[in-house]
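Everything on this sheet refers to the single structure shown next.
The values are calculated or read from the model by the stated rules, or taken from the named source; none is laboratory data. Remember, predicted model here, so these are calculated numbers, not experimental data. Every residue, glycine as well, gets a Cβ built from its backbone with ideal geometry; the counts of neighbours run over all protein chains shown. Surface areas here come from the heavy atoms of the whole protein model, side chains and all, with no ligands, DNA or RNA. Shrake-Rupley method; radii C 1.70, N 1.55, O 1.52, S 1.80 Å.
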Amino acid sequence: MWSKNVSFDDNQLHLSGISASKLAKDFGTPSFFIDEDDFRTRALSWQSALASEFGPQAGGVFYAAKAFICTDVARWIKEIGIGIDVCTGGELAAALAGGIDPSKIEVHGNNKSLAEIDRAVEVGVKTVVIDSLHEIERVAAMARKHSKVQAVFLRLTPGVQAHTHESISTAHEDVKFGFSIASGAAWDAVQVVLRHSELELRGVHCHVGSQIFGTDSFEMASERLINFLAKFRDAFGRELPELDLGGGYGIAYLPNEETVQPSEVIPALHAAVKKHCAAKNLSIPVISIEPGRAIVGPTTFTLYEVGTTKDVTLEDGNIRRYISVDGGMSENIRPSLYDAQYFAILASRQSQSEKVSSRIVGKHCETGDIVIRDIDLQSDIAPGDLLATPATGAYGRSMASNYNHVPRPPVIAVKDGKARVIVRRENEADLLALDVKE
Ligand code: LLP
């Protein structure tokens, strides 16, 4: 749940030896603190698990930028040597700003604009993952424009229901993403791609969903995609070389949960791929994956300052303590959107006082602005105390909004006992900067 360099000494939370009080004093609250070493270690552990399991058939780890991206993180990705998955022009811009080689960029999205495709093809991205028939024509047109042959994957919908929240399950039939294998849409898309000499069909892709534990949905998806690759081989007498199995590996948000480890899931994927390829007498394709949350999620915590507390008497006579912090749904929308659960601790001091039933809420003007619905916290928590929420690295800052005209928090990278801002805090001038005054 906590990143590698978080420790609890002198009654306080520390990140790489820097106390929560010092972090709050130097950078303000709310703020995201990202443990740079931990990020690098996690990214590398996916990379090395893939390499050691699949050997020469290891494609790449393409970090899913949507989980969190900024120029500095893109630079880390470049230094680590993994690839990146981007799904908008903005994410592509950040990847390029960080110096990532376009040959390590995969481009996703179910409605890429012509301008986004144009830029991607122009800079020479590794693969464009095609999501619709319209897009086949658009990618081909942009390849023609730049006199290139663009490598593409088809995103397929294998009809697998991942065990996760409905909004982040992406590979059952009734979704906007990809081409359905079962309906024949995927097979039709293959014929259309093959009619375009500006496109090189390199393989197929699927992403079953996000925050997934266990390996059965990945195994089932790999079976259906491999069967599809075998059908291609039978029809065209050659094999497509690549298979991308997407991301989605779950992480721990609560003390009783366990983050999925690459050393557990990659061997299971390998076994499934080997088995299904053998069944169809197919060579093992080059395998890529796209973890986002599993790399960045556990590396970061959010630090809040308590502003007010209030005891509310419930209908059953029990008391609930409301603890208001200086952020909320603008920097963590996940509890409101997915009923996501988080954990928090008192980070700036120790308290032996008894724990009381509490709810951590934000500063926004609505009842659903809840950071943690139910948590037992020390009864003496008071204004000025700091609370830390672990595992907020993925889909926190990247989904932040300016609701209620609240400036979005900064992201501070901490490494070897030094902290530095990698995304600065927004201010009121930023908020007003887009308003046209005349
Ligand atoms: N690849 C593709 C094509 C994806 O669509 C996604 C996530 C990923 C990779 C990375 O998935 P991850 O390893 O991070 O689970 N906002 C939601 C998550 C949406 C994920 C969308 N796609 C949340 O906060 O839970």
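For the reader, a short list of remarks on this structure follows.
- If only residues of the stretch 183-210 that are in a loop (DSSP other than H, G, I, E, B) and surrounded by 22 or more Cβ atoms within 10 Å (Cβ to Cβ) are counted, the one that is farthest from the chain's Cα centre (by Cα) is 206.
- Being among the charged types (D, E, K, R), under 30 Å from residue 126 (Cα atoms) and out of contact with any Asp or Glu (no Cβ under 7 Å at 6 or more places or on another chain) is a condition met by no residue of the stretch 308-329.
- Test set (1) within 16 Å of the ligand (Cβ to nearest atom); (2) touching a helix residue (DSSP H, G or I) at 6+ places or on another chain (Cβ under 7 Å); (3) part of a loop (DSSP other than H, G, I, E, B) - residue 284 fails condition number: (1)
- Candidates 129, 160, 107, 121, filtered to the one that is at pLDDT 95 or above and more than 19 Å from the chain's Cα centre (by Cα): 121
- Within the stretch 387-402, being of a type in the set (A, V, I, L, M, F, W, C), open to solvent by less than 10 Å² (accessible area, probe 1.4 Å) and out of contact with any Gly (no Cβ under 8 Å at 6 or more places or on another chain) holds for 387, 388.
- Among the residues of the stretch 355-413, those identified as away from the ligand (no atom under 16 Å from the Cβ) and touching a Cys at 6+ places or on another chain (Cβ under 9 Å) are 403, 404, 411.
- Conditions (1) under 23 Å from residue 342 (Cα atoms); (2) in contact (Cβ under 8 Å) with a residue 40 or more places away in the chain; (3) away from the ligand (no atom under 14 Å from the Cβ); (4) not in a loop (DSSP other than H, G, I, E, B); number of the one not met by residue 53: (1)
- Tally, over the stretch 65-118, of residues that are of a type outside the set (S, T, N, Q), free of Cβ contacts under 8 Å to residues at least 40 places away in the same chain and in a helix (DSSP H, G or I): 20
- Some residue of the stretch 335-343 being open to solvent by 10 Å² or more (accessible area, probe 1.4 Å) and either assigned to a strand (DSSP E or B) or among the basic types (Lys, Arg) (or both): no
- Just one of (1) more than 30 Å from residue 65 (Cα to Cα); (2) within 14 Å of the ligand (Cβ to nearest atom); (3) of a type in the set (Lys, Arg) fails for residue 293. It is (1).
- Filter result (in a loop (DSSP other than H, G, I, E, B), in contact (Cβ under 8 Å) with a residue 60 or more places away in the chain and not small (Gly, Ala, Ser)) within the stretch 211-248: 211
- Which numbered condition residue 174 misses (of (1) open to solvent by 60 Å² or more (accessible area, probe 1.4 Å); (2) farther than 27 Å from residue 278 by Cβ; (3) part of a helix (DSSP H, G or I)): (3)
- Residue 315 falls short on exactly one of the conditions (1) touching a residue at least 12 places away in the same chain (Cβ under 8 Å); (2) out of contact with any helix residue (DSSP H, G or I) (no Cβ under 9 Å at 6 or more places or on another chain); (3) in the same structural domain as residue 28 (by TED's automatic domain parsing), and that condition is (1).
- The one condition in (1) assigned to a strand (DSSP E or B); (2) crowded, with 24+ Cβ neighbours inside 10 Å; (3) over 23 Å from the mean Cα position of the chain (by Cα) that residue 14 fails to fulfil: (2)
- In the stretch 223-253, the residues that are farther than 20 Å from residue 162 by Cβ and of a type outside the set (Gly, Ala, Ser): 229, 231, 232, 233, 234, 236, 238, 239, 240, 241, 242
- The listed residues are 331, 366, and the only one of them that is in a loop (DSSP other than H, G, I, E, B), more than 23 Å from residue 10 (Cβ to Cβ), open to solvent by less than 50 Å² (accessible area, probe 1.4 Å) and of a type in the set (D, E, K, R) turns out to be 331.
- Among the residues of the stretch 227-240, just one is in contact with a Cys (Cβ under 9 Å, 6 or more places away or on another chain) and within 11 Å of residue 156 (Cβ to Cβ), namely 229.
- Test: residue in the stretch 217-236 that is within 16 Å of the ligand (Cβ to nearest atom) and open to solvent by 10 Å² or more (accessible area, probe 1.4 Å): no
- Residues that are in contact with a strand residue (DSSP E or B) (Cβ under 8 Å, 6 or more places away or on another chain), of a type in the set (D, E, K, R) and surrounded by fewer than 20 Cβ atoms within 10 Å (Cβ to Cβ), drawn from the stretch 49-103: 72
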